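Note sheet for the following structure.
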Amino acid sequence: MSDRSHLTTRAARAGIHGESGPLVPALHQTTVHSYPDLASLHRVLDGEDSGNAYYRFGHYNGHVLERAVADLESAAEAVTTASGMAALTATVLALAEAGDHVVADRNAYGGTRSLLETDLPRLGIRTTFVDAADLAEVGRALTPQTRLLLVEALTNPTLRVPDLPALVALAGRTGTTVAVDATFATPALFRPLEHGADLVWHSIPKYLGGHSAAMGGIVAGATGLISRIRQSVVHLGATQAPFDAWMALLGLKTLPLRMRAHTRGATAVAEFLATHPAITRVHHPSRPDHPHTGIAARLYPDGTGGMLSFELAGGRPAVDELVHRLRPSIPLSGSLADVATTLVHPATTTHRSLPPDELEALGITDGLVRLSVGIEEPSDLIAELGAALTTGESS
Ligand SMILES: Cc1ncc(COP(=O)(O)O)c(C=O)c1O
């Protein structure tokens, strides 16, 4: 960790190490380096010198990003990966083997659930899905064979907020490693390691990058755990490309500033939507009817970022109408966390693989829309949503 100045300051200076040279770290777009002698190459291969023996083993731009994110997450170390899913896969394969058990939040991202439900059972790794907000259920699911407890800091799309310190205490009883997907939260708003979690991971094209232009994932934690995960990344060939690491670092520099604007926008939009007659429910931790307002206030003193979802009284036809009327200002998008506001219909996109009864249990109805509120002026967004919803109502 460089110093303990404010997170905003450290983010802005990410990648600058004081010595003379380019202000923006150079892009090392090469798969391999040459070395003057075997000893120099061995030092890189043994991890004593950072360098690029061969791209898949790690490279300069990856290491710069890893140091920056580790610093923001209060972690000793981090490892970058080709995608968020690569980060999760490498983590599970590094820490669990045949016969082991995983406990995961059933509200987790669909890709996370697919890996746990479809691929890992074939390797003998079994998962029990729980509601991570239900501590009694989590307590019943954890066993001495449970190697990993996987939760999301804020869940998609209903913004549930698990009580991480309480989950960490429960996992401690069975010696279970706690890994938190903090893609929605980011270190600007919530740092799971400071609440006792062992690992935190992210999908980089979301808030960390912020510009929807760089792919990647990252896991941060203690050196021992990250070394094991790094080895698994190398074996899987799941290394992030140097260009994507370079781009992600540029985005990371403005993360705290962006998260403030996302939070301000989502809170204002949630307040507006909550009073609109075309809308029956708004899922946002700032709303008094959200089940986790108390936990959110305790764990997220600066707010919860740009994500929210809402339920249209008119169901699926009203969703189609809204998507149509909001174009092109607020487009339909398969991802989230861009600086521009986007929306998605979870039931038929992000959660399409789930059967109807599970969708219902997770509160993902046909009329539910997820909004990723960008950094635009909130009054503009409210005017656009108001115009689209009012017209939708009368049609
Ligand atoms: C919360 C969350 N976690 C993980 C992932 C997976 O990340 P990636 O798409 O980078 O593999 C996503 C992707 O949308 C996500 O939304």
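Worth pointing out:
- Solvent exposure, largest accessible area first (probe 1.4 Å, DNA, RNA and ligands not counted), of S20, S379, S372, S335: S20, S379, S335, S372
- GNM result for the chain, Cα springs below 10 Å: residue of V234, V269, V24 fluctuating most strongly: V24
- Modelled FRET efficiency - R0 51 Å, D49 with R140, Cβ distances, 0.05 increments: 0.60
- Antiparallel %, DSSP beta bridges [both residues in segment 7-252], to 5: 40 percent
- DSSP loop GluC sites (Glu not before Pro) with at most 13 other Cβ within 10 Å: longest gap in the chain: 98-395
- Largest to smallest principal axis extent of the C-alpha atoms in segment 333-395, angstrom: 37, 31, 15
- Its alpha carbons considered, segment 232-291 gives a radius of gyration followed by a Dmax of 18.9, 54 Å.
- Computed Kirkwood radius, in angstrom, where 1/r is averaged over Cα pairs of segment 255-394: 15.2 Å
- Size of electric dipole in the chain: Cβ of Lys, Arg +1 and of Asp, Glu -1, about Cα centre, debye, nearest 20: 240 debye
- Placing pseudo-labels 7 Å out from each Cα toward the beta carbon at E117 and T30 gives an inter-label distance of 4.7 nm.
- Intensity falloff of segment 97-211 expressed as log10 I(q)/I(0), Debye formula with alpha-carbon point scatterers, at q = 0.23 Å⁻¹: -1.36
- Amide H partners (placed H, <5 Å) of S309, local residues excluded: H283, L371
- Stokes-Einstein D (µm²/s) once Rh is taken as the Kirkwood radius of segment 50-160 over alpha-carbon pairs, at 10 °C in 1.306 mPa s: 102 µm²/s
- The mean sequence distance of close C-alpha pairs (under 8 Å, at least 6 residues apart), as a share of the length of the chain, puts its relative contact order at 17 percent.
- One decimal place: the segment T349-E377 gains 7.3 nm when fully extended, by the rule 0.36 nm per residue minus the C-alpha distance.
- Of the chymotrypsin sites (Phe, Trp or Tyr not before Pro) found in segment 43-143, not one falls in a DSSP loop while having at most 16 other beta-carbon atoms within 10 Å.
- Angle in degrees between helix 164-173 and the longest Cα principal axis of the chain, rounded to the nearest 10: 50 degrees
- The chain: projected area of the alpha-carbon convex hull, averaged over directions, in nm²: 19.8 nm²
The values are calculated or read from the model by the stated rules, or taken from the named source; none is laboratory data. Everything quoted here is computed from the prediction, not taken from an experiment. Counting neighbours? That spans all protein chains shown, and the Cβs are built from the backbone with ideal geometry, glycine included. Side chains included, ligands, DNA and RNA excluded: accessible areas come from the protein's heavy atoms. Shrake-Rupley method; radii C 1.70, N 1.55, O 1.52, S 1.80 Å.
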